Amino acid sequence: MKQAIIVFIFGVIFSGMNVTWAQKAKSILLENATVHVGNGQVFEQGLVGIKDNKIVIVRNALAYTYKKEEWDTIIDLSGQHLYPGFISPNTTLGLTEIEAVRASNDFNEVGIFNPHVRALIAYNCESDILSTVRTNGVLLTQTTPRGGIISGASSVMQTACWNWEDGVVREDDGIHLNWPASLQGGGWWAEPSPKKRNEKYAEEKQSIYSFFEQAKTFNSEKAGTVDIRFAAMKACFNGTKRLYIHADEVQQLLDVLDFVAHFEIQFPVIVGGYDSYMITEKLKEKKIPVMLPRLHSLPEMDGDAVDLVYQLPYLLQAGGVKFCLQNEGDMEAMNARNIPFLAGTAKAYGLSEEEAVRCITLSAAEILGIEKSVGSIEEGKVATLFVSKGNALDMRTNQASVIMIDGEFLPTNNFQSDLYYKYKKKYGLTE
Amino acid sequence: MQILRFLLLTLFPFAVFGQLPVPTNGSPLPKNNSFVLTEVRILVSPTKVIENGDIIVRDGKIVEVGKSVSIPNDLPIINGNGKVVVPAFIELNTSVGLPEIKGSGWDPSPQYESKKKGPYYWNESIHPEIDPTDLYNIDASAIDELNKMGFGLAVTHQNDGIAQGTGTLVTLGKTDPRLQIVQPNTAAFFSFRKGASNQSYPSSQMGSIALLRQALYDAQWHQQYGKTPNYSLDALNKQVALPSIFSTTDVYELLRVRAIGKEFNRTFTIVGTGHEYELGNVFDTLNQPLIIPIAFPEAYDLKDPFIARQIPLSDLKHWELAPTNPAFLAKSKVPFVITTQGNKTAADFWKNMHKALAHGWSVEDALRALTTTPAEMLGIQKEFGSIETDKWASFNVFDSDPFLQDAKLVETYVKGERTIVVDLPDADLRGKYSLNIDGTKYFLDITGTAQRPEGKVKLVKSVNDPVTGTQKMDTLSADAYVNYTDNDIVLQFNLKEGTTSNHFSLKGIVNTRVWIFEGTGTNTSGNWIKWSAIRNKSNEEQAEIKPVWKPLENVNTQPLYPNMAYGYAERPVSNTIIFENVTVWTNEAEGIISNATVITENGKIKSIIRGSSSYTVPAGAKVINAEGKHLTAGIIDEHSHIAISKGVNEGGQAISCEVRIGDVVTADDINVYRQLSGGVTAAQLLHGSANPVGGQSALIKLKWGHLPQDYLIKNAPKFVKFALGENVKQANWGDFNTTRFPQTRMGVEQVYIDGFSRALAYHEALTNPAKGTTPPARDLELDALYEIVKGERKITCHSYIQSEINMLMHVADSFGFTVNTFTHILEGYKVADKMKAHGAGASTFSDWWAYKYEVKDAVPFNASLMHQMGIVVAINSDDAEMGRRLNQEAAKVIKYGGISEEEAWKMVTLNPAKLLHLDDRMGSVKEGKDADLVLWTTNPLSVEAKVLYTLVDGEILFDRTADFEAQKAMEAERARIIAKMADAGKGGEPTKPFVKKRRGSYHCNTVGEEASTEANEH
C-alpha cells in the first residue's frame, strides 16, 4: 500500500485522538499505551517505535528517554491498549462476499484431491467484509479453501491490500486435508439423521494413505512426468508447507497422529480438534499444534459440559499443547471480526489476559509459520498492529483508534460506520 | 350418535356373521368348527385359570368351559394333554394384510392443490373415507408370526396420512380372506404424519395439527349446513361414534392429542411410544387409554469407549427403564393395550413380554392388556376377549404357559376352525429302556421334556487292557437323537470306541400300552438290522414349570425430568431465596444499586432491601451471599426457535397463521438448559420466515424439568410471526420453487391486503349474517387474521429492507392497527423515523450480516441508532448458540454506537419484555415481579461474566456448582448403565451397533420436518 492511504486517513486519526503528526511519517513513535506484546509480556506504559514498516523499539516508557526530533510522528496513547494485529486463521474471509449469492462464493473447487488449488488467487482485497473485520483489530487472515478431502492451499494475507500479491504474507502456507469422519450422520442441520459409525472410514482413510504414498514417491525430475497435484504436495514432505488436518473426534485425532508419523509430516497442524483435550499428552509429546474450534459454538453432545468449548483453550494450555483460535463455521467470513471476543471468552474460562492475547496473535503466527515477521510487537518485526481505546478482547471496549498494517495507517471507519453517520446526520442526531 | 353407535356395534356384526349360502364348485366341504378340547389348562380370562379343564365348541362358539364337564357324544374329542389354552389376543394397531402405501415419489416442484378427483377434502392427507376392507388379503407369514405371538384378531388399517380412514376387524386365520372379515369400520385412525401426500401443506407437525382441527371444524359445519357432498367430511362425522385411535411418535405428542380431544370433546385412544414412564405422575389424572408397544431397546455394543461416549444418557436411561413402562402404566391405572409394533418376530415379542413381567408387570395385567381391554375398547367384549360361554372359540394353544415359559404355539382356533401348527406327541416317552439291537443289549435313557425328548445310549463291554493284558469292563456312551411323531420313533446315535464309529439309524413304532418300541434300521456298515426296546422305568420327575424369568429385585424406575442429560431427579419447585450484599441491575429508576438484598418467595420477587436494613429470614429460605456479584432480571430472547418439535416453518401456504408453535413445544431440548446457563429465562418461540404470514408464537419460560404445557406463559399476549423479503418470496429456495404467490416484494403487499380484507368479510358474515345466508364455517386462519387486523394479536415481523418495512407499516395503518415489532430489522436504521411515528418496536441482531443479498447494508450500529431515535430495541438470538451469550451481544451495542451499559442491558431484558407486553411481570428487578433472576460473577456485560444461578419463577434451574456436580453424577450414571449393558450383552441379549439420535436446531428459514438441503438462512 502506498502513501495515498495515509493521506486519506488523516481526518479520522485527528478527529479520534490527540496526535502529533508529521506529513511524511517515516518514523512513528507510539507512546504510553499498555503494550500487549503477544508473547505473554506486557508493558503497562510502553513505547513502540516504528521506522519504515518495521518495529525498531519496544520499551517500557518510564525507563527510556528518547529524542523527540528523531521521530516524524509521536502518538500519545495514554490509557489505550496496543496489540499485535489479530490473526484469523482458517477462514473463507476474502473468498466470499454474500453467502447466499453463488456468484460471490469462491472457496470450494470441484474435486476430491485439490492440493494444487490456491486460495490467494481468489482473495478479494476490496471485500466489504474485510473492511469490517479490520476495524476490530483483525489484520491478518489465513484465507482457506473448503471442500473435498484436500481442499487446496491456503495463504496468509493482510486484511487490507491493493491486490493479492501486495497482500500476501505467506504464499501457499499449507495444504488443507479434511480427515474422513469416523462417525457419520446424514440429514441436515435442523433434522440430523442418527449418527453412527462410518462404515467406509477405513476405506476413506486408505484413499488418503494411497494419495500420500503416490505423492511422496512422485518424482517430478523424471522426464515426461507431469502431475500438478503431486507436485503441489511435495512441499508438505520437505517441510516448506504445513499440512493442516481438519479433524475433531478422538478416533480421528489418534488416526491423524499415526498418519503424521507414517509419512513423517514435518509441520502438521490439527484444525478443529474438538476432542483434543482428551489426548493432550500425546499432542504435547509429538509437538502437534491445534487450531481450536470456534469457541462460540454449542457442545457436540447433550451431556458435554455446557461450557466445554469455552474451556478448550484452558484445557490445552494446562496440557502443554500449542494452540490458537480460529472461527470456522456458520457465517465465518463476517464473523471473523469477533475473533478478539473468542479470546475474551478464553480468558473468562481460565487463560490469563496475555495468554488470551497470545492465542490470537503470536501462537497463531507460530502455527502458521509467520512468527518471524509478525504476531507480536517485538523489535525487528513488521509493524502490523492495532490500538484500542480499551480492552480489545471485551465487546464494550474494543474501539479502534489506530490500525496499522505493514507500517501503514488504515482508516478506523468502514462502510458500515459511514452508513451509520449518514443516517445519523439525516435524523439530526449528534454525538 | 348413541343410536348409530348401537347399530354399528350390535347389528353390524350379525349381518356379517350370519352367512348366506354361497354357490360352491362341487359339494361344499363340511365345517369342522364343532368339537371338545379336553384336558387343557385354560387361561379363561385375566382373573380366572382352569387347570385340566375342557372346552365344548359348537359352530365356532363356546358352549361350555370348565372342569369335568359332561362330554357330549356327538362331537369329536381333541385331547389337549395338558397344553395351555390362551384367548386370542387382539391387535389394534396393524396394517396386516393391506398393501403398502407408496407415495408418488419426491418431486422438486411443489404441489399446492389436491390432485384427487371427486368430492373429497381439499388436502390429500385428510382421507377419513378410506375403508380398507376390500383390500384385505391373507399375508400368511405375517399371520403366522402374529399367531405365534398369541394374536387371533386384529383391527387392520392403512397407516397413512392424518385422518387415515377406518380399520377393519379381522380374524387372523389363513383361509379365504372374505371369511376373516368380522367388522369393517371398527375404529377410526389418525396421526400427525402427512404420509404419502405430495401436497406442500402441511410441512410441519403444527401444520398437521392445524389441518386436522380445521377438518374437524369443517365436518361440524358440513353436518349442519353442507349442501354438496363431501365424502371426507361425511366420513369424519360418522367416525365421531367410533373408537378413535391416534398414533404418535414421541412422548409429548400424547399431550398434543389430548389437547385436540379436549377441544372437540372426544377421547382418542393413543398409540404411545413406550416412553410414557417419562411423564411421571401426569397419568394419575388423565384417564387416557393407550396402546403401547413392548419393543424394548436392545443393549448397545459399547465395547469401544470412544463409541460409548457418543451414546446420549437419554438412550442409556431408556434402555434401562423401557421394560418398566407396562408396570408403570398398570400402577398408574391407565387403561392400556399392547401392540406388537416394533417386534418383528414372536420370539422377540415373548422375550420382551417376559422382560416386562420380570420388571414388575403381572401376568393378569398383561393378559388384560392383550384381550379384555382391547375387546372393551372396540365394544366386542361379548364375542371376543376371553374363553367363556357364548363367545367365539378364538384361542391359541401353546405347549406351555407362554407368559412364563418359552412356549411353542401348537394349534390355533379361529372361530372354532382348528389349524395345527406343530404336531406334538401326545405321549410322554421319558424313562429308562433296555435296547436290543441285533442281539446286543444297550441301555437307553430318554430325558428332556415330553415334547422335546433327549436320549442317551450306553453299552457295557469287556475290553482288553493294553497295560495289564487283562480283560475289564468298559462303558461306551453317546447322545441319541430322538424324534417322536405320529406314533413313530426315530433314534440315531454313534457309539464311538476310540476312533471307531458305531453308527445306528433306527426307526420303529411305539406301543404306548406296554411301552415297547419295535422296528428296523441300519448299522454302521449300512446293513439292515432289527431292534426293539422295552421301558423298565417311567419318568418319575414331575415336569416342573419353571418360569424363564424371575421378578427382578431393586428395579430402577426413576426417570429424569426430562429423561436425558442434565435432567433433574425430581420436578423442580420454587424456593424462598435470599441474595445478600448483591449489586442489583434493577432496570428501574433506581438504576444499579449496590449492597442490596433481594428476597424471592412463591415465585415472585418479594422484597428488595437496600443497604444494611435488617430483615427476617423466612424458614427454609436459601441464603446466598452474593458479595461482589451482580443480580439482574433474566434475559428474554425475543426471537428464538429452541424447544420446538417437528418443524419450525409451516411453509406450505403463503398464509399459515392457523398454526401454533404452542402446539409443538417440547421439553427435552438440551438448548433450554444451555440457555439457562447463559441467563435466559423467557423467550418468544417464533414460527419461521417461510411465508408472509407465519404461525402463532409461543411465549415461554425456560422451565427445564417441567412438561411442555408448563413452559407456556399463562395468559400471555397473543403473537404471530410475519415475514418479508427473500425468504417469503423463496429467493433462495432453488429453481423449482418459483410458483407460490408471492415471488416478489410487490406480491407480499397484496397477500396482506387480501388476507386482512377476507378476515374482515369473514367476521362480518359470522357476526352479522345477511338474512337467508348460512354462516361461514369456522376458519382458523381467518380467525387469527381477524385478531391481527383488530390488534388483538401482535405481529413480530421478520424484515430486512427498508422498502418492505415501510410497506407493512402502510398496510397496517390502512387497516388501523400497529405493527408491534420488526425483528431482524437490519435496515431499521434507514426508516427509524417512520418506525417511531408508527409506534413499532425493533428486535435485532447485534452484528450479523453478509449472509444474503438483502443484508448487505446491515450495520452493527443499527440497534444503537434505532435506540437513539426513541424506538424500543431488543437484541435477540434466532440461534441456540448465540442465545446463551446474549449478554455479550448486548455488550456489542456499547461498542457499536456507544450507548450506556444500563440501556444496553435493557435490550436483552426489559425491552424484549416491553415488546412482548410482559413488562408488567418480567424484565426488571422489582417487587412483585416474577422471580426470573440471574446472578452473575461480575458485570453481566463483561466478556468475562458467568452465570452462577438462574431462577425461573423462583425455581433454581441453573446452578453452576450443582451443574458441575451433575456432570460427575451423570458420568457415574452412564458408567453404571454401560456396565449393566455389557453384562446383558454377555448374558446373551442381542446388542446393536451404536446409532445416536441427534436433534437439530432451527432457524427462521428451516423448512420441513425432515431432511432437505436448504441452506441456513435467517
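Got at least one residue in the stretch B:826-843 being under 37 Å from the mean Cα position of the chain (by Cα), under 27 Å from residue A:413 (Cα atoms) and either away from every other protein chain (no Cβ under 14 Å) or not in a helix (DSSP H, G or I) (or both)?
The answer is yes, given that some residue of the stretch B:826-843 is under 37 Å from the mean Cα position of the chain (by Cα), under 27 Å from residue A:413 (Cα atoms) and either away from every other protein chain (no Cβ under 14 Å) or not in a helix (DSSP H, G or I) (or both).
State all residues of the stretch A:87-125 that are of a type in the set (A, V, I, L, M, F, W, C), more than 30 Å from residue B:731 (Cα to Cα), part of a strand (DSSP E or B) and out of contact with any Phe, Trp or Tyr (no Cβ under 7 Å at 6 or more places or on another chain); if no residue qualifies, say none.
A:87
Could you list, in sequence order, all residues of the stretch B:205-248 that are without any contact (Cβ under 8 Å) to a residue 12 or more places away in the chain and outside any helix (DSSP H, G or I)?
B:226, B:227
Scan the stretch A:96-106 and give yes if some residue there is within 18 Å of the chain's Cα centre (by Cα), of a type outside the set (D, E, K, R) and within 13 Å of chain B (Cβ to nearest Cβ), otherwise no.
yes
Among the residues of the stretch B:260-270, are any touching a Ser or Thr at 6+ places or on another chain (Cβ under 8 Å), surrounded by fewer than 19 Cβ atoms within 10 Å (Cβ to Cβ), without any contact (Cβ under 8 Å) to a residue 40 or more places away in the chain and not in a helix (DSSP H, G or I)?
Yes: one or more hits.
So residue B:296 ticks every box in (1) touching a residue at least 60 places away in the same chain (Cβ under 8 Å); (2) under 24 Å from residue B:660 (Cβ atoms); (3) of a type outside the set (Asp, Glu) but one. Which box is left unticked?
With (1) touching a residue at least 60 places away in the same chain (Cβ under 8 Å); (2) under 24 Å from residue B:660 (Cβ atoms); (3) of a type outside the set (Asp, Glu) applied to residue B:296, the lone miss is (2).
Name the residues in the stretch A:231-271 that are in contact (Cβ under 8 Å) with a residue 40 or more places away in the chain, of a type in the set (Asp, Glu) and outside any loop (DSSP other than H, G, I, E, B), would you? Spell out the reasoning first.
Filtering the stretch A:231-271 down to residues in contact (Cβ under 8 Å) with a residue 40 or more places away in the chain leaves A:231-233, A:235-236, A:241-249, A:251-252, A:255-256, A:259, A:262-263, A:267, A:269, A:271.
Retained after the next criterion (residues that are of a type in the set (Asp, Glu)): A:248-249, A:255.
Matches in the stretch A:231-271: A:255 only.
For the stretch B:857-880, give me each residue that is within 11 Å of chain A (Cβ to nearest Cβ) and at pLDDT below 95.
B:879, B:880, listed by residue number.
Determine if the stretch B:608-628 includes at least one residue that is in a strand (DSSP E or B) and either within 14 Å of another protein chain (Cβ to nearest Cβ) or touching a Gly at 6+ places or on another chain (Cβ under 7 Å) (or both).
Checking the stretch B:608-628: not a single residue is in a strand (DSSP E or B) and either within 14 Å of another protein chain (Cβ to nearest Cβ) or touching a Gly at 6+ places or on another chain (Cβ under 7 Å) (or both).
Checking residue A:291 against (1) within 14 Å of chain B (Cβ to nearest Cβ); (2) closer than 25 Å to residue A:97 by Cα; (3) not β-branched (Val, Ile, Thr); (4) not in a loop (DSSP other than H, G, I, E, B), only one condition comes out false. Which one?
Result: residue A:291 fails condition (1) only.
Report, by residue number, each residue of the stretch B:282-308 that is more than 26 Å from residue B:191 (Cα to Cα) and either more than 10 Å from every other protein chain (Cβ to nearest Cβ) or touching a helix residue (DSSP H, G or I) at 6+ places or on another chain (Cβ under 8 Å) (or both).
Step one: list which residues in the stretch B:282-308 are more than 26 Å from residue B:191 (Cα to Cα), which gives B:298-308.
B:298, B:299, B:300, B:301, B:302, B:303, B:306, B:308, listed by residue number.
From A:316, A:325, A:254, grab the single residue that is more than 28 Å from residue B:958 (Cα to Cα) and buried (at least 18 other Cβ atoms within 10 Å of the Cβ).
A:325
Could you check how many residues of the stretch B:75-89 are assigned to a strand (DSSP E or B) and surrounded by 17 or more Cβ atoms within 10 Å (Cβ to Cβ)?
Result for the stretch B:75-89: 6.
Taking residue B:668 and the conditions (1) within 14 Å of another protein chain (Cβ to nearest Cβ); (2) under 21 Å from residue B:876 (Cβ atoms), which numbered condition does it fall short on, given that it satisfies the others?
(2)
With the structure loaded, tell me whether residue A:280 is facing chain B (nearest Cβ under 9 Å) and modelled with pLDDT of 95 or more or whether it fails that test.
Answer is no for this residue.
If residue B:323 meets every condition in (1) within 14 Å of chain A (Cβ to nearest Cβ); (2) in contact with a His (Cβ under 9 Å, 6 or more places away or on another chain) apart from one, which number is that one?
(1)
What residue, among those in the stretch B:14-37 that are among the aromatic types (Phe, Trp, Tyr) and at pLDDT below 75, is surrounded by the most Cβ atoms within 10 Å (Cβ to Cβ)? Spell out the reasoning first.
Quick first cut of the stretch B:14-37, residues among the aromatic types (Phe, Trp, Tyr) only: B:14, B:17, B:35.
Adding the requirement that they be at pLDDT below 75 leaves B:14, B:17.
Numbers: B:14: 8, B:17: 13.
Taking the candidates together, the pick is B:17.
I'd like to check which helices (runs of 4 or more DSSP H) are fully inside the stretch A:329-408 and have at least 1 residues that are buried (at least 24 other Cβ atoms within 10 Å of the Cβ) and within 14 Å of chain B (Cβ to nearest Cβ).
Those helices (runs of 4 or more DSSP H) span A:332-335, A:339-348, A:353-358.
Just to check your reading of the model, which residue among B:808, B:760, B:782 is surrounded by fewer than 18 Cβ atoms within 10 Å (Cβ to Cβ) and not charged (D, E, K, R)?
Details: B:808 fails: surrounded by fewer than 18 Cβ atoms within 10 Å (Cβ to Cβ); B:782 fails: surrounded by fewer than 18 Cβ atoms within 10 Å (Cβ to Cβ).
Answer to the selection: B:760.
Having 2 or more residues that are under 36 Å from the mean Cα position of the chain (by Cα) and within 14 Å of chain A (Cβ to nearest Cβ) is the bar; report the strands (runs of 3 or more DSSP E) wholly within the stretch B:893-1001 that clear it.
Fully inside the stretch B:893-1001 and qualifying: B:947-952, B:955-959.
List pairs: first in the stretch B:929-958 and more than 16 Å from residue B:605 (Cα to Cα), second among the basic types (Lys, Arg) and in a strand (DSSP E or B), Cβ under 9 Å, 6+ apart or cross-chain?
none
The values are calculated or read from the model by the stated rules, or taken from the named source; none is laboratory data. Quick caveat: nothing in here was measured; it's all calculated off a predicted structure. Cβ: placed from backbone, ideal geometry, glycine included. Neighbour counts: every protein chain shown.
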